[in-house]
1. Would you mind telling me which numbered condition in (1) in contact with an Asp or Glu (Cβ under 9 Å, 6 or more places away or on another chain); (2) within 27 Å of residue 115 (Cα to Cα) residue 29 fails?
2. Can you spot a residue in region 2-25 that is more than 24 Å from residue 90 (Cβ to Cβ) and among the hydroxyl-bearing types (Ser, Thr, Tyr)?
3. Could we say that residue 89 is more than 23 Å from residue 122 (Cα to Cα) and either out of contact with any Cys (no Cβ under 7 Å at 6 or more places or on another chain) or of a type in the set (A, V, I, L, M) (or both) here?
4. Hey, among the residues in region 54-105 that are of a type in the set (Ser, Thr, Tyr) and surrounded by 17 or more Cβ atoms within 10 Å (Cβ to Cβ), which one's nearest to residue 5 (Cα to Cα)?
Amino acid sequence: MSTVVLQFLDGFFVVFHTLWILFVVTGWLWRRTRKLNLIAVLLTGGSWFILGIWYGIGYCPLTDWHWRVLGRLGEFDLPPSYVQYLVHRLTGLEMTAMQADILTVGGFFLALVAALVVNIRDYRNRNPQHQSKE
């Protein structure tokens with residue numbers, strides 16, 4: 001694969017993965033994106049915890065593919081966390097692996113709870129027969 005293609009893929013992964021992360025964390029805020037957000041949150045969790053059985057907890061195919069591209073571009077010694085890498089690449093700020101893990105896992109579980117709460121609430125509001133009797 002040519003260097004130009006690899007550089008394009010590098011940029012693609014930075015943009016796409018950043019947008020994916022932002023959507024997972026915030027997509028539950030807007031009624032129109034809530035169902036899609038819930039799917040994205042569940043896909044992320046499935047990757048981390050189901051594929052993680054075979055590849056290691058927290059496995060993300062986007063990170064794996066991006067690391068392969070970066071390796072072909074000669075970048076090695078990448079951090080264990082994509083968030084750690086992304087924060088450094090986009091802002092120049094350094095984070096420890098522990099800080100990145102806390103931010104990543106905390107953000108994921110907050111997004112999961114928020115997505116479940118708003119989707120369940122929306123479902124109940126659309127289907128009055130599923131509302132609790134008071």
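Where a number appears in this text, it was derived from the coordinates with a stated rule and is not lab data. Quick caveat: nothing in here was measured; it's all calculated off a predicted structure. Cβ placement follows ideal geometry from the backbone for every residue including glycine, while neighbour counts extend to all protein chains displayed.
1. Result: residue 29 passes all but (1).
2. Our first condition is that a residue be more than 24 Å from residue 90 (Cβ to Cβ); within region 2-25, this holds for 2.
Right, trim to among the hydroxyl-bearing types (Ser, Thr, Tyr) and you get 2.
Yes, there is a match, as at least one residue in region 2-25 is more than 24 Å from residue 90 (Cβ to Cβ) and among the hydroxyl-bearing types (Ser, Thr, Tyr).
3. The answer is yes for residue 89.
4. Residues of region 54-105 of a type in the set (Ser, Thr, Tyr): 55, 59, 63, 81-82, 85, 91, 96, 104.
Those still in the list that are surrounded by 17 or more Cβ atoms within 10 Å (Cβ to Cβ) too: 63, 81-82, 85, 104.
Working: 63: 18, 81: 24, 82: 21, 85: 21, 104: 29 Å.
Here the answer is 63.
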